Amino acid sequence: MQGTEHSDFDIRDYLRTDLFPHFMCPGCGHGIALRALLWALHELDISMNNLALVSGIGCSGRTAAYVDTNTMHVTHGRPLAFATGLKLARPDLEVVVITGDGDCLAIGGNHLIHACRRNLDMTCVMLNNEVYGMTGGQVSPTTSNDRFTTTTPLGNHEPVFDACELATAAGASLVGREITLQTPSLKDLFKTALSHRGFSFVEVISDCTEIYGRKNDLGNSTEMILKQKSGIRPESYGNAVEHPFRPGDWKTGILTRVERPEYGDSYRQHIATKQRAVKTVTK
Amino acid sequence: MTNSAQHRIRNLQGNHACALAAVAAGCRFYAGYPITPSSEVAERMAAELPRVGGTFIQMEDEIASMGAVLGASIGGIKAMTATSGPGFSLKQENLGYAMGAEIPCVVINVMRGGPSTGMPTRPAQGDVMQARWGSHGDTVVIALVPASVAEIYSQTVRAFNLSEQLRVPVIVLIDEIIGHLVETVEIPASDTLVVTGRKWASGPAEDFKPYAINGSDIPAMPRPGAGYRTHITGLTHAEDGFPTQDPAVVARVMTRLLGKLDHHRDLIDCYETVACDDAEILIVAYGITARSAHRAVHQARAQGLAAGLFRPVTLWPFPEQALRSVTRCAQAVLVPEMNGGQLCWEVDRICAGTPVSRLNRIDGESITPDQIQQRIIELAEHAGH
């Protein structure tokens, strides 16, 4: 397995280390995801001056501030809306959204499906830790069945969203999922997403050790991460017909990849063509 | 001389005049969501923006529209949206973000009444207080209220200028009647139109503090891509842009933020006075109601009654010095409004000592000159005792 020590990537080159100590809990998977993202940006040689990192509210939203680039920490659920305006106004910027399962699928769900539909060139990174960590551990649209959270004291009975299925159905032209354990694979998935022209959606299975893990006796961070693929979601291997909202399994890697017209390109081309047609008619 | 260099007289619907003024003021991004009675603003922007290399997008909802406008503005493009009462409510959180992070934006609100869906096609002045206090926490905002199609044009241009210069959201409150009214507008030649841009950060990126005040209380804005690599957040932030909870720092930055308009009242204040010098009965009215009041004042004067009109064009912050200065002779103040009584509270505060009466219509009809004249007569009789 390739590790970061084999490349010339040094995460400290990309972080606002003067903001340290950061406020992520010990064992939180978000830092691993951020490392993989920065590693991908490094390998693609994307200029930090030209990058815009737009994030929402929650633990995921706070990660953006630690990156030494143009960072925008916006309102809850709305980073995709802000990013849409930013990218349309400034196609020259590389726009990356960092969001969470609550930010992206609950309060921001409408923006996600329409961002997927439009296919504007940006990368949306959803850090899925199955819980509202920042507010103290409430149930989220991705909380596994029967898990305890502060608002499901008897265990979660709600159906679980499969964010990648949702993004694919809504039209995202590149969709992928990875676990933090596979950091180099996650880095490669980010590289694919960043290089893809269109809307890319990457779900990172992260872990909330401190709140969610503790509440559900899921072990320490290492144990949680090692069990990410199977251990903490035994019910996800159940019958998909009987439980249609429950994914049959959590596939990782690139799940969807289609070539579709990019929104900004098609908007500008469409207008240029129509304007020419109007001018020709009026002559 | 080319067409664009000349003044042109055009017959325009208010909402269309708004869109044309926005483009003339340099707006190159519009994100919106259809809502009566403002939709013509979006429709006209959809037609106009492509012609000038701008971008129009109809978003999935009102909240997204406001978010996209702020994203575009952060990117350095003058941006606008238009809405009405219910949509305006939905935009409030992101409007607050624009206030806190000091992101220029213009929001057109072609008003209706409420609560809730109200009467979408009927006129009302329902959002006077929402414009000022609609977002949570303490707010800093400018609201303009034009009274004619020509003024929709001039005030929309002014909205962009104020927003860019002062880094504050500017709301233009338009009455449905004027939004849908067709009137003659003199479109200024492009070279005579005063268009103000944003002050962009320049100088070294090293140790740059995006909210530090250097000579001006309005910080220059760093343009993404220019190398400053700054942080923008809705969290209370220090001069460096990063969140802080240090009481001394918070007190300092919040005092600057909430007070920043106070130092620019010469730029912001805008009002009209009609026969105010010796006015014993003073009408304070805005928008379409001010036009009825204007006529009522003339009718009253013809009857020998000393009536006058104070018409705020900038509604928030309210031009309170100007109002105080015309209340010298006033024995009574009347505030006619097409709502249950909103601006009357502010007028009551400013005119402390002078009785302030209200005249309200909440039935989806405009207040007529005769209604106002009748109240002037009653107030004059009462004052005469």
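Would you be able to say whether some residue in the range B:322-334 is among the polar types (S, T, N, Q) and closer than 29 Å to B:Val195 by Cα?
no
A:Val67: under 19 Å from the mean Cα position of the chain (by Cα) and within 8 Å of chain B (Cβ to nearest Cβ), yes or no?
For A:Val67, the condition - under 19 Å from the mean Cα position of the chain (by Cα) and within 8 Å of chain B (Cβ to nearest Cβ) - is not met.
Out of all the residues in the range B:171-199, which are within 19 Å of the chain's Cα centre (by Cα) and among the charged types (D, E, K, R)?
Correct list: B:Asp175, B:Glu176, B:Arg198.
Okay, residues lined up against (1) touching a Phe, Trp or Tyr at 6+ places or on another chain (Cβ under 8 Å); (2) crowded, with 24+ Cβ neighbours inside 10 Å; (3) of a type in the set (Ser, Thr, Tyr):
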{"site": "B:Ile63", "(1), (2), (3)": "no, yes, no"}
{"site": "B:Met66", "(1), (2), (3)": "no, yes, no"}
{"site": "B:Gly75", "(1), (2), (3)": "no, yes, no"}
{"site": "B:Leu90", "(1), (2), (3)": "no, no, no"}
{"site": "B:Met99", "(1), (2), (3)": "no, no, no"}
{"site": "B:Ser116", "(1), (2), (3)": "no, no, yes"}
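Which of the residues belonging to the range A:16-37 are aliphatic (A, V, I, L, M) and within 12 Å of chain B (Cβ to nearest Cβ)?
A:Leu19, the sole residue that qualifies.
For the structure I just gave you, tell me whether B:Ser154 is in contact (Cβ under 8 Å) with a residue 12 or more places away in the chain and in a loop (DSSP other than H, G, I, E, B).
The answer is no for B:Ser154.
Can you name every residue in the range B:80-94 that is at the interface with chain A (Cβ under 7 Å from one of its Cβ atoms) and either within 14 Å of the chain's Cα centre (by Cα) or not in a helix (DSSP H, G or I) (or both)?
Within the range B:80-94, no residue meets the criteria.
Test B:Val274 against the criterion of being closer than 24 Å to B:Val170 by Cα and away from chain A (no Cβ under 14 Å), and give yes or no.
no
Residues are listed down the side, and each one gets a yes or a no for (1) touching a helix residue (DSSP H, G or I) at 6+ places or on another chain (Cβ under 8 Å); (2) on the phi < 0 side of the Ramachandran plot; (3) at pLDDT 80 or above:
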position: A:Gly248; (1), (2), (3): yes, yes, no
position: A:Leu255; (1), (2), (3): yes, yes, yes
position: A:Glu259; (1), (2), (3): no, yes, yes
position: A:Gly264; (1), (2), (3): yes, yes, yes
position: A:His270; (1), (2), (3): no, yes, yes
position: A:Lys274; (1), (2), (3): yes, yes, yes
position: A:Lys279; (1), (2), (3): no, yes, no
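Here is a check on your reading of the model: is B:Ile281 within 14 Å of another protein chain (Cβ to nearest Cβ), crowded, with 17+ Cβ neighbours inside 10 Å and aliphatic (A, V, I, L, M)?
No.
With the requirement that a residue be farther than 22 Å from B:Trp345 by Cα, of a type outside the set (A, V, I, L, M) and in a strand (DSSP E or B), what does the range B:95-136 give you?
Selection gives B:Cys105 alone.
Could you check the range A:42-71 and list, in sequence order, the residues that are in contact with a Gly (Cβ under 6 Å, 6 or more places away or on another chain) and over 22 Å from B:Ala68 (Cα atoms)?
Matches in the range A:42-71: A:Cys59 only.
Just checking, which of A:Pro153, A:Pro159 is in contact (Cβ under 8 Å) with a residue 60 or more places away in the chain and farther than 12 Å from A:Asp101 by Cα?
A:Pro159
Of all the residues that make up the range B:157-199, how many are among the charged types (D, E, K, R) and without any contact (Cβ under 8 Å) to a residue 40 or more places away in the chain?
So the answer is 1.
Checking B:Gln342 against (1) in contact with a helix residue (DSSP H, G or I) (Cβ under 6 Å, 6 or more places away or on another chain); (2) over 18 Å from B:Gln125 (Cβ atoms): exactly one of these is not met. Which one?
It is condition (2) that B:Gln342 fails.
So A:Ile46 ticks every box in (1) more than 23 Å from A:Gly29 (Cα to Cα); (2) among the β-branched types (Val, Ile, Thr); (3) at the interface with another protein chain (Cβ under 9 Å from one of its Cβ atoms) but one. Which box is left unticked?
Condition not satisfied by A:Ile46: (3).
Take the conditions more than 19 Å from A:Gly27 (Cβ to Cβ) and not in a helix (DSSP H, G or I) and apply them to A:Val95. Does it pass?
Against the criterion (more than 19 Å from A:Gly27 (Cβ to Cβ) and not in a helix (DSSP H, G or I)), A:Val95 qualifies.
Only residues that are under 21 Å from B:Arg198 (Cα atoms), under 20 Å from the mean Cα position of the chain (by Cα) and not basic (Lys, Arg): list them for the range B:19-54, please.
B:Ala19, B:Leu20, B:Ala21, B:Ala22, B:Val23, B:Ala24, B:Ala25, B:Gly26, B:Cys27, B:Phe29, B:Tyr30, B:Ala31
If I ask for residues that are under 16 Å from the mean Cα position of the chain (by Cα) and facing another protein chain (nearest Cβ under 8 Å), which ones from the range A:81-99 would you list?
Of everything in the range A:81-99, those that are under 16 Å from the mean Cα position of the chain (by Cα) and facing another protein chain (nearest Cβ under 8 Å) turn out to be A:Ala81, A:Phe82, A:Ala83, A:Thr84.
Restricting the first residue to the range B:331-357 and requiring it to be farther than 20 Å from B:His294 by Cα and assigned by TED's automatic domain parsing to the domain that holds B:Ala131, which pairs with a second residue that is at pLDDT below 95 and crowded, with 22+ Cβ neighbours inside 10 Å meet a Cβ separation below 8 Å and a spacing of at least six or different chains?
That search, which allows pairs on different chains as well, returns nothing.
Residues of the range A:10-46 being among the hydroxyl-bearing types (Ser, Thr, Tyr) and free of Cβ contacts under 8 Å to residues at least 24 places away in the same chain, which ones?
Scanning the range A:10-46 gives a single hit, A:Thr17.
The values are calculated or read from the model by the stated rules, or taken from the named source; none is laboratory data. The structure presented is a predicted model; accordingly, all values stated were derived computationally and were not measured. Note: ideal-geometry Cβ built from the backbone for every residue, glycine included; neighbour counts use all protein chains shown.
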